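Read through the structure below, which is laid out as C-alpha cells, and then see the notes.
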There are 2 protein chains.
Amino acid sequence: MSDTDELLSIRAAELYYEENQTQDEIGVILRLTRWKVGRLLASAKANGFIRIEIVHPRARRLPIERRLRESTGLTDAIVVSSAGVSSDTELQSRTAQAAADYLSALRPTPRTLGISWGRTLHDVSLHLKQGWGPGVNVVQINGGVSLNQRTGTAASTAVTIAHKADGSATLLPSPAIFERLETKQAIEADRTIAGVLALARNAQAFVFSAGQADANSALVDSGYLTVEQINDLVARGAVGDVVGRYIDRNGRIVDPELNERTVGIQLDQLRRAPLTIAVISGHTKHAIARAVVRNGLCTVLVTDEDTANALLKG
Amino acid sequence: MSDTDELLSIRAAELYYEENQTQDEIGVILRLTRWKVGRLLASAKANGFIRIEIVHPRARRLPIERRLRESTGLTDAIVVSSAGVSSDTELQSRTAQAAADYLSALRPTPRTLGISWGRTLHDVSLHLKQGWGPGVNVVQINGGVSLNQRTGTAASTAVTIAHKADGSATLLPSPAIFERLETKQAIEADRTIAGVLALARNAQAFVFSAGQADANSALVDSGYLTVEQINDLVARGAVGDVVGRYIDRNGRIVDPELNERTVGIQLDQLRRAPLTIAVISGHTKHAIARAVVRNGLCTVLVTDEDTANALLKG
DNA sequence: CAATCTTCTGCTCATGTGAGCAATATTCCC
DNA sequence: GGGAATATTGCTCACATGAGCAGAAGATTG
C-alpha cells in the first residue's frame, strides 16, 4: 500500500472508530468513494493499526487459547487478559477466578476432585460460588500440613471448595516432605493415609498449581525446604514444583531422593489422568508452566496472557 | 445491568471482536437471540469495556480535539495519539509532524508566516515536505542568535521552512535578550531590525512553541539566562515562556524589566492576530500549555493526548 | 510499442446490524 | 394482591457493510 494510502487509512479509522461516522460520510469528508473507504479500513486492520482490547477482569483471549491448544495438544486452554493489570497479584486473582469459572462450568461435574494446595488454589476456592457443584468429594493429593505458618491453609482450601459444592472433603493429614525416608514410608503404611492416597489416585479430575523454584516458593515459606536446598535444586536444573515434586524443563524429577520423601500422588499418575487442570499465572512462573505443558502434566491449562505468550514463543 | 449480563457481554465481545463471529453465531453459542447479543455488545461498549486504539505515529484523537475546541474556544485543536509511545522525544516528534501536516493543509496558504525558534520549530521544519507551500515569506518573530551553541539553529529553521515552501526567509539578526535595555533599544532603532519586526507584526499567521520554566529551558541552553534567573522567575510564578517572554498561569508577564530587554513581537500582538498556531508537547509543558490556551495566546493548538487531557481536567 | 499480466476501481448483491416499536415480563407501591 | 410504572424481549424495517466480479488503469516484458 502506498504511503498516502496508509495515512488516509488512519484518517478514515479516526472518523470511523472515534467519531462513529459511516463509511459513506467518511467518503464525503476525504473525497473518496465509500468502497475505497471500506478498503482503507480493512487495510488499517490488516496492518495492525487498529487495536481492540476488552478491558475487564473476566476477559479472556480466545485467539491465544486456540493457538495454545493447537501448538501444545492441550484439551483446553483458558487465557485471561492482562489488559489494564498492574500487579502480578491482580493477574493471579483473575486467573484463579477463571479457574473457578472453568470448574463450575465443567460437565459432568467430577464426583471426586483431587486438589493440591497453595496460594493459587486457595484463591480459586475463594472465587468459587456457593453451590457450584451438586456434591463433590474433594481429596487432597499431596501433603501439606503447614509447619510454621498458621496451620490449616491447605485443609481450609479443600474444605471450602467442598463446602461450596455441597460436598465433602477428604484431607491428607501429612507433611509435604519428610526428613527421613523411613518416617514417610511409615505414614504411607497407615491405613487412613493409604486410603486417602488411593482415593486421590482415582479422582476423576485434578486441579493443581505449580510453584517456581526460588526463595519465594511456598515450600520454603512452609518450612519444608531451605533456601539453600532450593538453590541446589535450581543448580541441578529445577524450574519449579508440581504437587511438591521438583522437575526440570524436561519434566523429570530433579532429586529422586527428595522425591521419595515427598508425600502425595506421583507425577506419572497425573500424566495418566484424563482431566488434569493446571492453574499457573505470574511472571515468575513461565518456566515451570512450560515444563508442565510440554511434558503432559496437564490436559487443561488456566493461565494469563503473558504466560501464554511466553509458551507460544518458546 | 445485572452481573451475569455483564459477564455475558464480555463473552459476546470476545467472540465478536477477537473471533469475528456474527451476532447470530454468538447467539447460538451463548443461547441467546441475536438481538440480545447486539444489546450486550452495545452495553459492553457503553460501559467502556471495549477499548479501540489506533496505533500509528500519525494517529490523532478527534474526540479530544472536539472537547478541547468546545471547552477553550480554540479555532482548531490538533491532538496526536500517545498510544504506544515510550519517550517524550517520540511524542514531540509526532506533534511536530502533525504541526507540519496542519501547516501544509492550511488554506489559504499564508503569504507571510511568523515563526519562533527552538527544538520544536526545528523539528517541524524537518517534517515539512518539499513544496508544501507556493512561496511563503517566513519571518522570525523573536531574537535568537545563539550565543554558545553552534550558531544558526534558529536561522536554519526559518530558512528550511521557507525553502521547502519555495519561498524566502526574513531573519531577525538579534540576540533573544539583551543585558542592557539601552542596547536593546539601539538595535530596535536600526532600520533593518525595525523593518523585520514590522513585517513580523503583520504576518498573516504565526507558528510558535513554548518553553517550560526550568533548568532545561532553551534560553538557559543558549546562554541568555542562568539557572538562578529561571529559579527566580519560577518563584515569582512563571510557568514558561512564549517567544522568549516568561508568563505566569494567568498569562501575565512575570518580570517586566526582563521583558523590556527581550527582542521580538509583543504577546499582545500575538493575542490580536487572527491565526496563531502553538505547538506544545511533552509532560513538562502542561503548565505552560494551559497558560497559553487559557489566555488567548493561540487560536490553534497542536499538542499530544496527555497534554490535551491535562488541559481538559484542570 | 504492443501484448500480457497485475493491480486498482466502481459496482451489484447478499448479509450483518442498529433504531424503533409493540408485546411481554418484572418490579414497585399502595 | 392489584394495578401502575418500568424494564426486557422479540420483532420489522431500513441502513451499513463486506464479498465477489467485471472493467479500467497501470506495470512489465519481449
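We did not get these values from a lab; they are worked out from the coordinates using the rules stated. Note that the coordinates shown come from a computational prediction; the quantities given were computed from them, not determined experimentally. Counting neighbours? That spans all protein chains shown, and the Cβs are built from the backbone with ideal geometry, glycine included.
With a 10 Å cut-off around each Cβ of B:16-29, the average count of Cβ atoms from other chains is 2.
Peptide packing: for A:177-184, B:88-95, the average count of neighbouring Cβ atoms within 10 Å per residue gives the ranking B:88-95, A:177-184, highest mean first. A straight Cα-to-Cα reach below 26 Å connects A:LYS164 with the lysines A:LYS129, residues fewer than 8 places away in its own chain not being considered. Label-point distances for B:ARG252 to the equivalent site in the other copies, using a point 7 angstrom along Cα→C-beta, read 8.1 nm when ranked shortest first.
Put simply, the amide H of B:ASP304, placed in the peptide plane, has neighbours under 5 Å in B:VAL80, B:GLY282, leaving out anything fewer than 5 places away on its chain. Taking every C-alpha pair closer than 8 Å and separated by at least 6 residues, the mean separation divided by the residue count of chain A gives a relative contact order of 18 percent.
The stretch B:100-121 and the stretch B:162-230 have Cα centres spaced 17 Å apart. Over chain B, dividing the summed -39,500 (n - 2.57) contributions of all DSSP H runs of at least 4 residues by the number of residues returns a 222 nm mean residue ellipticity of -13500 deg cm²/dmol.
DSSP beta bridges fully contained in chain B are about 35 percent antiparallel. Once you've got the GNM for chain A with C-alpha springs shorter than 10 Å, pick whichever of A:ARG236, A:ARG34, A:ARG69 has the biggest mean-square fluctuation. Per the Cα network of chain A with a 10 Å cutoff, A:ARG34 tops the list.
For the stretch A:1-151, dividing the convex hull volume of the Cα atoms by the residue count gives 200 Å³ per residue. Per residue, the convex hull spanned by the Cα atoms of the stretch A:1-87 measures out at 149 cubic angstrom. Position A:ARG271: other-copy label points at 8.2 nm, ordered by increasing distance, label point 7 Å along Cα→C-beta.
A Gaussian network model of chain B, with springs between Cα atoms under 10 Å, assigns the largest mean-square fluctuation among B:VAL139, B:VAL243, B:VAL28 to B:VAL28. Shown for B:THR75: label points 7 Å from Cα along the beta-carbon vector, and their distances to the equivalent points in the other copies, 6.9 nm in ascending order. Counting, for every residue in B:43-51, the Cβ atoms of other protein chains within 10 Å of its Cβ and taking the mean gives 3. When chain B is turned onto chain A, its residue with the beta carbon nearest the axis, and that distance in whole angstrom, is B:ILE52, 3. For the stretch A:199-314, the C-alpha radius of gyration divided by 2.2 N^0.38 Å, with N the number of residues, is 1.01. For the segment A:55-64, counting C-beta atoms of other chains within 10 Å of every residue's C-beta and taking the mean gives 5. Each principal axis of the Cα cloud of the stretch A:254-314 was taken in turn, and the coordinate range along them, longest first, works out to 35, 25, 16 Å. Overall size of chain A from C-alpha positions, given as principal axis extents largest first: 85, 46, 33 Å. For the stretch A:1-45, GluC sites (Glu not before Pro) are listed when DSSP marks them as loop and at most 15 other Cβ atoms sit within 10 Å of their Cβ; the list is A:GLU19. Only Cα pairs under 8 Å and 6+ residues apart enter the sum, and on that basis the relative contact order of the stretch A:71-148 stands at 31 percent. Entry note, the stretch B:221-314: relative contact order of 24 percent, from Cα contacts under 8 Å with a spacing of 6+ residues.
Convex hull volume per residue, computed on the Cα atoms of the stretch B:150-244, equals 125 Å³. Taking amide H as placed 1.01 Å from N in the peptide plane, A:VAL239 has its amide H under 5 Å from the amide H of A:ILE247, A:ASP248, A:ARG249, each at least 5 places away in sequence or on another chain. Counting only DSSP beta bridges with both residues in the protein assembly as shown, the antiparallel share comes to about 40 percent. Between B:ALA98, B:ALA189, B:ALA165, the residue with the greatest mean-square fluctuation in the GNM of chain B (Cα pairs under 10 Å linked by springs) is B:ALA189. Here chain B is treated with +1 on each Lys and Arg Cβ and -1 on each Asp and Glu Cβ, and its dipole about the Cα centre works out to around 840 debye. Think of the stretch A:1-118 as having a plus end and a minus end, set by charges on the Cβ of Lys, Arg, Asp and Glu; of A:ILE29, A:LEU106, A:ILE10, A:LEU106 sits farthest toward the positive end of this dipole.
Per-peptide packing, taken as the mean over residues of other Cβ atoms within 10 Å, places B:48-58, B:116-126 in the sequence B:116-126, B:48-58 from highest down. Taking amide H positions as modeled 1.01 Å from N, with prolines and chain starts lacking one, the residues under 5 Å from A:SER168 and 5 or more places away or on another chain are A:VAL136, A:ASN137, A:VAL138.
Provide Rg over Rh for the protein assembly as shown; use the alpha carbon set for both Rg and the Kirkwood Rh (inverse mean inverse pair distance). All intermediate terms of the calculation are to be shown ahead of the outcome.
Working: Rg = 33.5 Å, Rh = 29.2 Å.
For the protein assembly as shown, the value is 1.15.
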